[in-house]
Amino acid sequence: MSLGNAFCVVCGSEDELTKERVCVSCFKKRTTLSKLPETIQGYRCPKCLMLLQLGKWGHHDSTDYHEGLVQEVLEIDNRTCSLGIGILSEEIDDRNTRLSVQVSGFIDDVEFEEIHTTIARISNSVCPTCTRKAGNYYEATVQLRSSGRKLTENELNTLRKTFDSYLESIDPDPMFFINTEGKVTGGYDMVLGSKALARSWTKHLLRKFGGTSKETNSVVGRKDGEDLTRLTISYRKPAFDLGDVIRKQDRYWQILAWQKDGPVISAIDRHERTGLTWRDLEKTSVECRINEQLDVEILKRDTSAAEFMDPNDWKVRTVSLPYDDDGSQTIIRIGLIADEWVAMPRIGGGDTDE
Ligand SMILES: [Zn+2]
Ligand SMILES: [Zn+2]
């Protein structure tokens, strides 16, 4: 050791020194890159299998979950640059996993690499969502209904399915759960944990399918000096298609076209068209759906009526010809309206234009 040369203040070595005036070997002995406890605690809800991470419940695969748990408790020297973390996991049983955690990085240009072994332990803890569900908690009911006619099972399923895809598309929230759901007379009810969710899903339905919604609040009690209310939203999907026959002022009309303010309808019995508002339309009912109407061959005709074979019982029946019949049609479209076959004018083909 010669005077004047820099040397390690710990061991006196004149090897390369770090900023702290100690040699690399002493620096490594005195410095810890990272600390990790011998066990790490995780929580899983036994009912829905969601996992708790950084104070939030959610679904994770085990690799991601272990990584998150390690990152939550791993302490790193705050001077570290170029930090690298690698995790190898070895499952011991359903609740315990051995993790080998390799940590590397540079402190004051000295390279460090450490390997920790820890056990990730998963304990049961019922999540707030399941706690509320178990307590039969709910805030809102969304009633799926229709105007015009009853929705088919398929149509109800389509509406119901939008709930799942909508829920996946928004940020999770422990209140966003279904308390109960099921078919009721005239529709389907969804009882939900959150008013906000009920409202936002209804908006989604309105955007996707049109229609109207109505909110009612009912007071169910008081808590901390404030009224506790429950929200009911009745969503009505317009159940009409082009070509459907509706009844308005005791006459029958077919829906001819959709316009911004509502449909254009065309009378069945004579050459007449008019417009309806959406609200007017909601007050009408569908008497014969387009997909229940049939094209049948004319077996015999005179000037006012035609004979055809009733496909229900193979009997020959007579129907009045539509007002726009020109004597040349061999096929007519018929629909059962109020238990009677009615021949439809050829709407939409441009032959009923004013
Ligand atoms: Zn030294
Ligand atoms: Zn749960």
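Where strands (runs of 3 or more DSSP E) fall wholly inside region 70-189, the ranges with 1 or more residues that are out of contact with any Ser or Thr (no Cβ under 7 Å at 6 or more places or on another chain), modelled with pLDDT under 90 and more than 16 Å from ligand 2 (Cβ to nearest atom) are 140-147. When every residue of region 129-144 is checked against the conditions, at least one turns out to be closer than 23 Å to R236 by Cα and out of contact with any helix residue (DSSP H, G or I) (no Cβ under 9 Å at 6 or more places or on another chain).
Look at region 108-124: where a residue is surrounded by fewer than 13 Cβ atoms within 10 Å (Cβ to Cβ) and among the small types (G, A, S) and a partner is assigned to a strand (DSSP E or B) and at pLDDT 95 or above, sitting 6+ places away or on another chain with Cβ atoms under 8 Å, you get S123/Q41; S123/G42; S123/Y43; S123/R44. Here V22 passes the criteria (1) in the same structural domain as V103 (by TED's automatic domain parsing); (2) buried (at least 16 other Cβ atoms within 10 Å of the Cβ); (3) more than 21 Å from E75 (Cα to Cα) except the one numbered (1). Pick from region 29-57 the residues that are within 16 Å of ligand 2 (Cβ to nearest atom) and more than 16 Å from N124 (Cβ to Cβ): which of them is surrounded by the fewest Cβ atoms within 10 Å (Cβ to Cβ)? The selected residue is G55. Out of S82, S89, S147, one residue alone is closer than 30 Å to W278 by Cα, small (G, A, S) and over 17 Å from the mean Cα position of the chain (by Cα). It is S147. If you check G135 against the conditions, is it at positive phi and away from ligand 1 (no atom under 16 Å from the Cβ)? In short, no.
Of the residues screened, H60 is one that is assigned to a loop (DSSP other than H, G, I, E, B) and either more than 16 Å from ligand 2 (Cβ to nearest atom) or of a type outside the set (A, V, I, L, M) (or both). Looking across V191, V184, one residue alone is surrounded by fewer than 12 Cβ atoms within 10 Å (Cβ to Cβ) and either farther than 30 Å from P37 by Cβ or touching a Pro at 6+ places or on another chain (Cβ under 8 Å) (or both). It is V184. Summed over region 298-337, the residues that are exposed (fewer than 11 other Cβ atoms within 10 Å of the Cβ), in contact with a strand residue (DSSP E or B) (Cβ under 7 Å, 6 or more places away or on another chain) and outside any strand (DSSP E or B) give a count of 3. I'd like to check something: does region 196-209 contain any residue that is in the same structural domain as T141 (by TED's automatic domain parsing), of a type outside the set (A, V, I, L, M) and either assigned to a strand (DSSP E or B) or farther than 30 Å from T284 by Cα (or both)? Within region 196-209, none of the residues are in the same structural domain as T141 (by TED's automatic domain parsing), of a type outside the set (A, V, I, L, M) and either assigned to a strand (DSSP E or B) or farther than 30 Å from T284 by Cα (or both).
Within region 198-206, can one find any residue that is crowded, with 16+ Cβ neighbours inside 10 Å, under 20 Å from N291 (Cβ atoms) and in contact (Cβ under 8 Å) with a residue 12 or more places away in the chain? Among the residues of region 198-206, not one is crowded, with 16+ Cβ neighbours inside 10 Å, under 20 Å from N291 (Cβ atoms) and in contact (Cβ under 8 Å) with a residue 12 or more places away in the chain, which makes the answer no.
Of note, D295 satisfies the criterion of being touching a Lys or Arg at 6+ places or on another chain (Cβ under 8 Å) and closer than 21 Å to A338 by Cα. Counting only residues that are assigned to a strand (DSSP E or B) and touching an Asp or Glu at 6+ places or on another chain (Cβ under 9 Å), region 229-247 holds 12 of them. For region 1-44: of the residues being more than 10 Å from ligand 1 (Cβ to nearest atom) and among the β-branched types (V, I, T), which is nearest to W57 (Cα to Cα)? Once the filter is applied, the top-ranked residue is I40. Among residues of region 11-28 being in contact with a Ser or Thr (Cβ under 9 Å, 6 or more places away or on another chain) and within 28 Å of T117 (Cβ to Cβ), the one that is nearest to ligand 2 (Cβ to nearest atom) is F27.
The values are calculated or read from the model by the stated rules, or taken from the named source; none is laboratory data. Please read these numbers as outputs of a predicted model, since none were measured by experiment. Don't worry about glycine lacking a Cβ; one is built from the backbone with ideal geometry, like all the others, and counts go over all protein chains shown.
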